[in-house]
Amino acid sequence: MWKVQPTEFLKRTLNPIRILWETNQPKGNPEIPNIYLQLGDPTIYGNFLPHSNCAKAISYAVLHDKFSYLESSGLKEAREAVAEYCKHMGNVTADDVFLTTGCSMAIETACRALANPGENILTPEISWNYTTWMNGVGIEARGYSLLPEKEWEIDLDHLESLIDDKTRAIVVNSPGNPCGNVHSKKHILEIIALAERNKLVIISDEIYEFFTMPNVEYHSFAELSENVPVLVCSGLTKRFLIPGARCDWLVVNDRGNKLENLRTGFRNAAGRNFFPNSSLQYALPSILRDTPQSFFDENNQKIYKNAQIVFNKLKSVKGLKSSIPKGSFYMLIGIDLNKFPKIETSLQFMQMLADEQSVFVLPSECFNYQGFIRIVLTATEEMLAEASDRIKKFCECYYEY
Ligand SMILES: *Cc1c(COP(=O)(O)O)cnc(C)c1O
């Protein structure tokens, strides 16, 4: 027998969300229709669709045979359009922009540009799967605490206590998944000051930029940083509602030329051809310039309305702690497990809820955290109302004084 052994890269590259979900997948109750609220893909319910301009721009590129190889950091006109789109960050030029296949690629590139194997990067302890991009290449993702009682602000003391001589960067995510946090200007300035004191670069995952509830202000980390370099990762995936386009970007907001020695490296790394397919790049300037503000405003309004529907139904349910998130499109609902003696974990809560009420949610175990479930707010109003009623019924059944 001839068996090839997996490399360290393969052995260490794990996506905790996928694994936990796939190995614990409940079947649902055959007597009631399933309602799926676990996937962070806004397009699957049919009520959040890309602006019609997107299809026009992409089909124009395809019909005009725009398939050639392009510059490895991305088509110049497309990078110029991204730079213009990012003007809220300060002075961004086409040279600061690298187009990537998915925002994930931007995040991975930022991490690998800053940390060697054996070094570490600080990441939110309850967060999206940043570890997936780091563990595989031997970078340690070191989790810092967020404070649920302070609307998921970063626990700055805990964050600073984790820093050692092998720490290279801090990953931040606001608006955040799964917490729905949006950091205030004051808090962002505190985080930037901490990074400056410790000479750490900030990697800011801003894929949910401008996805905020009414009266919540949005600030990019790059906009507020004077002295700390900020690598912003963002793209079309969430705000433009085309996750499968895989057309996203890394924006290098250097402050005080601290990343000068990395510039050539970034260009060489882009030479690995991580750019999105060329027809998307040709379409990008039109997608960015011609999508009207009303499209984004309407989507934000719809998410807010959905959040209110769920919140109004769940706010008085005993044993649950829900609140309207400040941004992104998730609601993280706390479960007081002490009040549900027959349920031990949020993972078990998810499984029982699915098997009895056919409502599928993501347990916080997927984010390495205990005691919460996450639902997506991009489903239809009817689905969310029905799901909330069933969650209420389920809780009433298991709640004990
Ligand atoms: C969805 C999401 C992304 C986007 O990743 P893609 O590779 O573009 O699909 C990045 N960060 C967070 C926190 C997300 O939820």
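For Asp336, are the conditions met, namely being of a type in the set (Asp, Glu) and open to solvent by 70 Å² or more (accessible area, probe 1.4 Å)? Steps first, please.
Details: of a type in the set (Asp, Glu): yes; open to solvent by 70 Å² or more (accessible area, probe 1.4 Å): no.
It is false that Asp336 is of a type in the set (Asp, Glu) and open to solvent by 70 Å² or more (accessible area, probe 1.4 Å).
Looking only at residues in segment 163-199 that are surrounded by fewer than 18 Cβ atoms within 10 Å (Cβ to Cβ) and outside any loop (DSSP other than H, G, I, E, B), which one is farthest from the ligand (Cβ to nearest atom)?
Out of the qualifying residues, it is Arg197.
Which of the residues belonging to segment 208-231 are within 15 Å of the ligand (Cβ to nearest atom), out of contact with any Pro (no Cβ under 9 Å at 6 or more places or on another chain) and in a loop (DSSP other than H, G, I, E, B)?
Correct list: Ser220 only.
Filter segment 366-382 down to the residues that are surrounded by fewer than 21 Cβ atoms within 10 Å (Cβ to Cβ) and part of a helix (DSSP H, G or I) and list them by number.
Once the filter is applied, which keeps residues that are surrounded by fewer than 21 Cβ atoms within 10 Å (Cβ to Cβ) and part of a helix (DSSP H, G or I), segment 366-382 yields Glu381, Glu382.
Of all the helices (runs of 4 or more DSSP H) wholly in segment 101-162, which have at least 2 residues that are within 16 Å of the ligand (Cβ to nearest atom)? Reasoning before the result, please.
On the way: elements: 102-114, 130-135, 156-161.
Hits in segment 101-162: 102-114, 130-135.
Being of a type outside the set (Asp, Glu) and in a helix (DSSP H, G or I), is that true of even one residue in segment 23-32?
Among the residues of segment 23-32, at least one is of a type outside the set (Asp, Glu) and in a helix (DSSP H, G or I), which makes the answer yes.
Let me confirm something: among Glu80, Glu31, Glu8, which residue is acidic (Asp, Glu), more than 24 Å from Ile126 (Cβ to Cβ) and surrounded by 15 or more Cβ atoms within 10 Å (Cβ to Cβ)? Let's see the steps before the verdict.
Details: Glu31 fails: surrounded by 15 or more Cβ atoms within 10 Å (Cβ to Cβ); Glu8 fails: surrounded by 15 or more Cβ atoms within 10 Å (Cβ to Cβ).
One residue alone meets the criteria, Glu80.
Leu39 - would you say it is aliphatic (A, V, I, L, M), modelled with pLDDT of 95 or more and at negative phi? Let's see the steps before the verdict.
On the way: aliphatic (A, V, I, L, M): yes; modelled with pLDDT of 95 or more: no; at negative phi: yes.
No, not satisfied.
Check segment 93-100 and report whether any residue there is open to solvent by 70 Å² or more (accessible area, probe 1.4 Å), in the same structural domain as Asp355 (by TED's automatic domain parsing) and either touching a residue at least 24 places away in the same chain (Cβ under 8 Å) or not polar (S, T, N, Q) (or both).
Step one: list which residues in segment 93-100 are open to solvent by 70 Å² or more (accessible area, probe 1.4 Å), which gives 95.
Checking which are in the same structural domain as Asp355 (by TED's automatic domain parsing) leaves us with none.
No, every residue in segment 93-100 fails to be open to solvent by 70 Å² or more (accessible area, probe 1.4 Å), in the same structural domain as Asp355 (by TED's automatic domain parsing) and either touching a residue at least 24 places away in the same chain (Cβ under 8 Å) or not polar (S, T, N, Q) (or both).
So is Phe311 closer than 30 Å to Glu149 by Cα, open to solvent by 20 Å² or more (accessible area, probe 1.4 Å) and not hydroxyl-bearing (Ser, Thr, Tyr) or not? Let's see the steps before the verdict.
On the way: closer than 30 Å to Glu149 by Cα: yes; open to solvent by 20 Å² or more (accessible area, probe 1.4 Å): yes; not hydroxyl-bearing (Ser, Thr, Tyr): yes.
Considered against the rule, which asks whether it is closer than 30 Å to Glu149 by Cα, open to solvent by 20 Å² or more (accessible area, probe 1.4 Å) and not hydroxyl-bearing (Ser, Thr, Tyr), Phe311 comes out as yes.
Kindly indicate whether Trp152 is modelled with pLDDT under 95 and of a type outside the set (Lys, Arg). Give the derivation first.
On the way: modelled with pLDDT under 95: no; of a type outside the set (Lys, Arg): yes.
Answer is no for this residue.
What do you reckon, is Val172 closer than 18 Å to Tyr144 by Cβ and either free of Cβ contacts under 8 Å to residues at least 60 places away in the same chain or not assigned by TED's automatic domain parsing to the domain that holds Cys366 (or both)? Give the steps one after another, and end with the answer.
Working: closer than 18 Å to Tyr144 by Cβ: yes; either free of Cβ contacts under 8 Å to residues at least 60 places away in the same chain or not assigned by TED's automatic domain parsing to the domain that holds Cys366 (or both): yes.
Spelling it out, Val172 is indeed closer than 18 Å to Tyr144 by Cβ and either free of Cβ contacts under 8 Å to residues at least 60 places away in the same chain or not assigned by TED's automatic domain parsing to the domain that holds Cys366 (or both).
Please indicate, with yes or no, whether at least one residue in segment 248-262 is open to solvent by 20 Å² or more (accessible area, probe 1.4 Å), more than 16 Å from the ligand (Cβ to nearest atom) and polar (S, T, N, Q).
Narrowing segment 248-262 to residues open to solvent by 20 Å² or more (accessible area, probe 1.4 Å): 254-258, 260-262.
Now drop any that are not more than 16 Å from the ligand (Cβ to nearest atom), which leaves 254-258, 260-262.
From the residues that got through so far, the ones that are polar (S, T, N, Q) too are 257, 261.
Within segment 248-262, one or more residues are open to solvent by 20 Å² or more (accessible area, probe 1.4 Å), more than 16 Å from the ligand (Cβ to nearest atom) and polar (S, T, N, Q).
Test Gly327 against the criterion of being of a type outside the set (Phe, Trp, Tyr) and surrounded by 23 or more Cβ atoms within 10 Å (Cβ to Cβ), and give yes or no. It would help to see each step written out before you state the result.
Numbers: of a type outside the set (Phe, Trp, Tyr): yes; surrounded by 23 or more Cβ atoms within 10 Å (Cβ to Cβ): yes.
Yes: the conditions hold for Gly327.
Taking segment 263-290 as the search range and keeping residues that are among the aromatic types (Phe, Trp, Tyr) and assigned to a helix (DSSP H, G or I), which one is least open to solvent (accessible area, probe 1.4 Å)? Show your work before the answer.
First, pick out the residues of segment 263-290 that are among the aromatic types (Phe, Trp, Tyr): 266, 274-275, 282.
Next, only the ones that are assigned to a helix (DSSP H, G or I) stay: 266, 282.
Details: Phe266: 10, Tyr282: 73 Å².
My answer is Phe266.
Suppose we filter segment 232-245 for residues that are within 8 Å of the ligand (Cβ to nearest atom) and assigned to a strand (DSSP E or B); how many remain?
2
I'm trying to understand the selection: among the residues of segment 34-64, which are under 22 Å from Met331 (Cβ atoms), open to solvent by less than 50 Å² (accessible area, probe 1.4 Å) and not β-branched (Val, Ile, Thr)?
Once the filter is applied, which keeps residues that are under 22 Å from Met331 (Cβ atoms), open to solvent by less than 50 Å² (accessible area, probe 1.4 Å) and not β-branched (Val, Ile, Thr), segment 34-64 yields Leu37, Gln38, Gly40, Asp41, Pro42, Tyr45, Gly46, Asn47, Phe48.
The values are calculated or read from the model by the stated rules, or taken from the named source; none is laboratory data. Note that the structure is a prediction, hence the values are computed from the model and not measured. Backbone-built Cβ (ideal geometry, glycine too); neighbour counts: all protein chains shown. Heavy atoms of the whole protein, side chains included, go into the accessibility calculation; ligands, DNA and RNA do not. Shrake-Rupley method; radii C 1.70, N 1.55, O 1.52, S 1.80 Å.
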